[in-house]
Amino acid sequence: MQVAGSMVEDWRAFATSVSIADATLSDDAIVVQWSDARSSPYHFVWLRDNCACNQCVHALTREQVFEIADMPDDLVAIDVSIDDTGAMQVQWSDGHRSVYTPGWLRAHAYDDASRAERHGGNTRKIWDASGGSTLAVFDWRDVMRDERALHAWLVALRDTGLTLVHGVPTQPGSVADIALRISFIRESNFGVLFDVKSKAVPDSNAYTSINLPPHTDLPTRELQPGLQFLHCLVNDAPGGDNVFVDGFALADALRTHWPDDFATLTSVPFEFWNKSASSDYRCSAPVIALDGRGEVSEVRHANFLRGPIDATAQTMPAVYRAYRRFLGLARDARFHVQRRLAAGEMWAFDNRRILHARTAFDPRGGARHLQGCYVDRDELLSRIRILERSL
């Protein structure tokens, strides 16, 4: 964003095809008329809060140093004009001066039309069993060597929550190499990398050969891991198919057909426990989490890690009705994508959205060894934004 006499560079360009046709002062706001006839009010306090001159924003860190509590209570804009570059210049009653580029103003306008336009750009793609035929598949060499291929993979992972990568070397540790193309790996009590195979003394059902029902990993943590990577090193044992369910599709089905059950699962905390000889993790949270705009942002579920439900006596029957409904949907083949992973293939999925399961396998019939790791969802979104600066 450009300001008079100085420049605090923004990492992102705010390009716009519209221009400021006029800007007028009112009692507590500046009203911008755009060239496409849209009208956007900007209140004085909001504009002053977002001044990006080098007195208000650190020129190197690009972090704000001005705090709105320091604004005079009686501050008003005394003059507004459009300069030769099309930017809006504002003169404040305390002598401060601010400049706002049209691209930045339009990108952050909060009139009803602009907010609807901005929040309507959700790229999320909900899927069910029919989505298996359109599952995005990527090549390991492309993702490792080409930034455009990496960007395409990450966008697909962000939007659908589930992708498959083939051609991954079958050497142990290869899963870390591709995960690090995004960012650092999140360590857990299972290590930086974890090995999914049958163990003589397992500390998780994942390390047995039994069927694993649909679940998310580590719901016992305050913040579940965002992304999970499962790389197949060898898979010779009979059985052991992977099953995936879009948890957001389950939430949508509940919201549409059983809104009372949806409301229950978004409001009643469930207990999730993971206790072992060396650790004791517990989290109390709803099965379905909503963001500030009421959109589903997370699903948290693993029946084998669930403690007794703690709800009021009056609501307990409704809680169990809703939870049984959710379990029934998660078991429904209409929502399942099922596939047997081959050596050199890797699943990458959003662990806070996608429920994953595994059919039972027979370790007597051959070896089965998957290696996995976690990366937080924030790192995925950050990496996409960084790539988009240069692509």
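Values in this text are rule-based calculations from the coordinates and carry no lab data. Here the structure is a predicted model, which means the values were calculated and not measured. Cβ sites come from the backbone with ideal geometry, for glycine too, and all protein chains shown count toward neighbours.
With a ≥ b ≥ c taken as the square roots of the eigenvalues of the C-alpha gyration tensor of segment 324-391, please select rounded if a/c is under 1.5 and otherwise prolate if a/b is larger than b/c or oblate if it is not?
Oblate, since a/c reaches 1.5 and b/c is not below a/b.
Using +1 on the beta carbon of Lys and Arg, -1 on that of Asp and Glu, and nothing else charged, what's the dipole of the chain about the Cα centre, debye to 20?
That gives a dipole near 2080 debye.
When the gyration tensor of segment 23-88 is built from Cα positions, what are the square roots of 5 times its three eigenvalues, in whole Å, from largest to smallest?
In descending order, the three semi-axes are 23, 16, 10 Å.
Pick out, from Ile68, Ala21, Val80, the residue whose Cα sits farthest towards the positive end of the charge dipole of segment 2-119, with +1 on the Cβ of Lys and Arg and -1 on the Cβ of Asp and Glu.
Ala21
Computed over the Cα atoms of segment 42-196, what is the ratio Rg over Rh, Rh following Kirkwood?
1.16
Semi-axes of the equivalent ellipsoid for the chain, please: Cα gyration tensor eigenvalues, times 5, square-rooted, ordered largest first, whole Å.
Semi-axis lengths for the chain are 47, 26, 19 Å.
How many times 2.2 N^0.38 Å is the alpha carbon radius of gyration of segment 79-119?
Normalised by 2.2 N^0.38 Å, the Cα Rg of segment 79-119 equals 1.37.
Can you list the equivalent-ellipsoid semi-axes of segment 158-304, largest first and in whole Å, using the square root of 5 times each Cα gyration tensor eigenvalue?
28, 19, 16
D for segment 208-278, whole µm²/s, Stokes-Einstein with Kirkwood Rh over alpha-carbon pairs at 20 °C and 1.002 mPa s: what number?
Reported coefficient: 138 µm²/s.
Could you pull out every residue, at least 5 positions away or on a different chain, whose amide H is within less than 5 Å of the one on Thr220? Hs are placed 1.01 Å off N in the peptide plane, and Pro or chain starts have none.
The answer is none.
Asp49: net charge of surrounding residues, Cβ under 11 Å, Lys/Arg +1, Asp/Glu -1, itself excluded?
-1
Which residue fluctuates the most in the chain, going by a Gaussian network model with Cα springs under 10 Å, if the choices are Asp159, Asp350, Asp49?
Maximum fluctuation in the GNM of the chain, among the listed residues, is at Asp49.
Find, to one decimal place in angstroms, the Kirkwood hydrodynamic radius of segment 2-119, where the mean of 1/r is taken over every pair of different Cα atoms and then inverted.
Taking every pair of different Cα atoms in segment 2-119, averaging 1/r and inverting gives 14.7 Å.
Taking chymotrypsin sites (Phe, Trp or Tyr not before Pro) as candidate sites, keep only those in a DSSP loop with at most 16 other Cβ atoms within 10 Å, then name the longest stretch of the chain containing none of them.
Here the longest run is 185-391.
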